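Trainee: My questions all concern the structure below.
The values are calculated or read from the model by the stated rules, or taken from the named source; none is laboratory data. It should be emphasised that the depicted structure is a prediction, and the values quoted were computed from it without experimental measurement. We place every Cβ from the backbone using ideal geometry, glycine too, and count neighbours over all the protein chains shown. Calculation scope for accessible area: heavy atoms of the full protein, side chains included, ligands and nucleic acids excluded. Shrake-Rupley method; radii C 1.70, N 1.55, O 1.52, S 1.80 Å.
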Amino acid sequence: MKLGVYNAILHDRPLPEALKVIADLGLTGIEINTGGFLPAVHVPAMDQILESDAARDDFLAIFEGTGVSIAGLNCNGNPLHPKREIGEKHAEDIRRSIRLAHRLGQNRVVTMSGLPGGEPGATVTNWIVNAWNSAALDVLDYQWGVAARFWKETDQLAREYGVKVALELHPQNLVFNPADVHKLVELTGATHIGVELDASHLFWQQMDPITVVRELGPLVFQAAAKDVRINKETAALYGVLDNRFRRLSPEEHRTNLGGNEWANEWPRPAAWDFVALGKGHDTAYWAEFLRALHKVDPNMLVNIEHEDVELGRIEGLEVAAKVLLDADATLSASLKLTA
């Protein structure tokens, strides 16, 4: 398998410096952000690359001799958002990322399924968490219709370019568990839409990522190595759907999510936190996670995503890389014994 880093945490430095960081960690891949919620910091000449062979070759030359190569593109966003300035922009970013992947010799684009409003004319998204009443199912019926139209068209584009689109099973999206994945594929007849198996979002929903990999099998196209720590005392009081988020003011540092939407401050204390590998689950667990992925695809792309606020950018990557490499070594040793 190819082990690497999702580059968002390294957007504070130029691409050549980011590649050196990754190589120094002993990893060989970089998953590059190409739009959506975040700007394409490391692909500033995207439009030129799409049109010019010279621009494409100049970009690919940056990777030569570094020991690090591109391990998929990432365009996480909400292509189904009811506000056109968000939804249409993110949808076009996904389409452009598919074309860019083809230009760069890549065959994976990571994104999210998206989430529509709850009815025609809506201006805000509507995530149905527990559809116990008939009105909630009416909302879901409408949302699945919106999603099926978009993803059927996107699957056709991906097929045309030989690219597979991997959806992160992220809450506040329509597709966030295996049942949703199967439903989307059934509704669209998709052949080039599957999953980016980010373990972290499964952990906090009380799913087991290894079990999910086994269930989805060949629908798992790529994976993210990110851990979660459940803070038991707080979770016992507020549960994992704790909504004590704080709105950040324009004077504070905040992340734009498109239009006039912004990320909020995490609850304090939190019921659960994103943490570096090993702080929620030990190396033995991650070795079994890699084993499950290896059975699906021995060449699976597995990239660290660092969102541990207790650790600095490089420190967090170092912690995660050590656990991931140790897990990979454990898996490799066991495979040799059974060969």
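Trainee: Considering the convex hull of the alpha carbon atoms of region 24-75, report its projected area averaged over all viewing directions, in nm², one decimal.
Mentor: Projected area, direction-averaged: 4.0 nm².
Trainee: Determine which lysines satisfy two conditions relative to Lys295: a Cα distance under 18 Å, and not lying fewer than 8 residues away in the same chain.
Mentor: Lys2, Lys336
Trainee: Something else now. Within region 1-42, whose backbone N sits under 20 Å from a point 7 Å along Cα→Cβ of Lys322?
Mentor: So the set is 3-6, 21-28.
Trainee: Name the chymotrypsin sites (Phe, Trp or Tyr not before Pro) in region 114-167 that are in a loop by DSSP and that have at most 10 other C-beta atoms within 10 Å, would you?
Mentor: Details: sites: Trp127, Trp132, Tyr142, Trp144, Phe150, Trp151, Tyr161; in loops: Trp127, Trp132.
Taking region 114-167 and a limit of 10 other Cβ atoms within 10 Å, the loop chymotrypsin sites (Phe, Trp or Tyr not before Pro) found are Trp132.
Trainee: Based on the alpha-carbon gyration tensor of the chain and its eigenvalue square roots a ≥ b ≥ c, which shape applies: rounded if a/c is under 1.5, prolate if not and a/b is larger than b/c, or oblate? Provide the component values of the computation, followed by the final result.
Mentor: Values: a/c = 1.32, a/b = 1.12, b/c = 1.18.
Rounded, because the longest to shortest axis ratio a/c is under 1.5.
Trainee: List the aspartates and glutamates whose Cα sits under 17 Å from the Cα of Lys164, skipping any in the same chain fewer than 8 residues away.
Mentor: Within the straight-line limit of under 17 Å, Lys164 reaches these aspartates and glutamates: Glu31, Glu92, Asp93, Glu153, Asp155, Glu186, Glu196, Asp198, Asp297.
Trainee: So for each of 197-203, 179-185 I average, over its residues, the number of other beta carbons within 10 Å; can you give me the resulting order with the highest mean first? If you can, show how the numbers build up before the last one.
Mentor: Numbers: 197-203: 23.7, 179-185: 17.1.
So the peptides 197-203, 179-185, ranked by packing, come out 197-203, 179-185.
Trainee: Pairs Lys183/Lys226; Lys183/Lys322; Lys183/Lys232; Lys183/Lys279: which are spaced more than 29 Å apart, C-alpha to C-alpha? Don't jump to the answer; show the numbers that get you there.
Mentor: Values: Lys183/Lys226 26 Å; Lys183/Lys322 37 Å; Lys183/Lys232 33 Å; Lys183/Lys279 34 Å.
Over 29 Å Cα-Cα: Lys183/Lys322; Lys183/Lys232; Lys183/Lys279.
Trainee: Would you mind classifying region 203-299 by shape? Square roots of the alpha carbon gyration tensor eigenvalues, ordered a ≥ b ≥ c; an a/c under 1.5 is rounded, otherwise it is prolate if a/b is larger than b/c and oblate if not.
Mentor: Values: a/c = 2.59, a/b = 1.66, b/c = 1.56.
Prolate, since a/c reaches 1.5 and a/b exceeds b/c.
Trainee: Hey, what number do you get for the chain at 222 nm if only DSSP H runs of n ≥ 4 count, each worth -39500 (n - 2.57), divided across all residues, to the nearest 500?
Mentor: Numbers: 11 runs with 145 residues, N = 339.
Using -39500 (n - 2.57) per qualifying helix, the result is -13500 deg cm²/dmol.
Trainee: Give, in nm to one decimal, the length gained when the segment between Ala333 and Glu261 is fully stretched (0.36 nm per residue of separation minus the Cα-Cα distance).
Mentor: On the way: separation 72, 0.36 × 72 = 25.92 nm, distance 4.74 nm.
Roughly 21.2 nm would be gained on extension.
Trainee: Accessible area of the chain with a 1.4 Å probe: how many percent of it is carbon plus sulfur? Display every interim value, and only then the final one.
Mentor: Details: 8110 of 15530 Å².
The value for the chain is 52 percent carbon and sulfur by accessible area.
Trainee: Can you compute 3J(HN,Hα) from phi for each residue in region 105-111, using the Karplus curve 6.51 cos²θ - 1.76 cosθ + 1.60 with θ = phi - 60°, rounded to whole Hz and x for Gly and Pro?
Mentor: The phi angles translate into x, 9, 10, 9, 10, 8, 7 Hz.
Trainee: Shifting gears a bit: Quick one: of the DSSP bridges fully inside the chain, what percent are antiparallel, nearest 5? It would help to have the intermediate numbers written out before the result.
Mentor: Numbers: 7 of 35 bridges.
Approximately 20 percent, going by the DSSP bridge assignments.
Trainee: Further question: Using a simple charge model, +1 on the beta-carbon of Lys and Arg, -1 on the beta-carbon of Asp and Glu, nothing else, what dipole does region 67-156 show about its Cα centre, in debye to the nearest 20?
Mentor: Details: 10 positive and 9 negative charges, 95 e Å.
Result for region 67-156 is approximately 460 debye, rounded to the nearest 20.
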